[in-house]
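The values are calculated or read from the model by the stated rules, or taken from the named source; none is laboratory data. From a predicted model like this one, the values you see are computed outputs, not experimental measurements. With ideal geometry, Cβ positions are generated from the backbone for all residues, glycine too; neighbour counts draw on all protein chains shown.
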């Protein structure tokens, strides 16, 4: 396996999903935006994990678990954020919430944190 090719794949895919999340948020599709925000973070983490373990990342959607495999010393706040975002993908896959999982008022701050975290992970 070419590790650097895999890292590049995960990074590019993360940026693509982050763009999709932004488009969905802009259209008022909060739950769908949250799902793609999770995907962006998951893929950015998988790029870091792939490089750290020199192999294919684990087949999981659990962001804290991926963070554990990354070798990065995440802060407590970062870990709480990843745990919160992990819940969005579960609800997005298996439930059809009647209302958005976060308020529209929370969207800009959440979006900024996701974007900053994805960029930070890509730069690792």
Residue pairs within 8 Å by beta carbon, gap of at least six or interchain, first lying in the range 1-13 and within 9 Å of residue 43 (Cα to Cα), second not in a helix (DSSP H, G or I), listed first then second, are 10/57
Please work out which one of (1) more than 14 Å from residue 122 (Cβ to Cβ); (2) without any contact (Cβ under 8 Å) to a residue 24 or more places away in the chain is the condition residue 21 fails and give its number.
(2)
Can you spot a residue in the range 33-43 that is surrounded by fewer than 17 Cβ atoms within 10 Å (Cβ to Cβ), at negative phi, touching a helix residue (DSSP H, G or I) at 6+ places or on another chain (Cβ under 6 Å) and at pLDDT below 95?
no
Matching residues, the range 60-83, being loosely packed, with under 14 Cβ neighbours inside 10 Å and part of a helix (DSSP H, G or I)
76, 77, 80, 83
Residue that is surrounded by 13 or more Cβ atoms within 10 Å (Cβ to Cβ), assigned to a loop (DSSP other than H, G, I, E, B) and at pLDDT 95 or above, where the choices are 100, 57:
57
Quick check on my filter: what residues within the range 103-124 are in contact with a helix residue (DSSP H, G or I) (Cβ under 7 Å, 6 or more places away or on another chain) and either within 20 Å of residue 11 (Cα to Cα) or in a helix (DSSP H, G or I) (or both)?
107, 111, 113, 114, 115, 117, 118, 121, 122, 124
Residue that is out of contact with any helix residue (DSSP H, G or I) (no Cβ under 9 Å at 6 or more places or on another chain), surrounded by fewer than 13 Cβ atoms within 10 Å (Cβ to Cβ) and over 13 Å from residue 117 (Cβ atoms), where the choices are 5, 27:
5
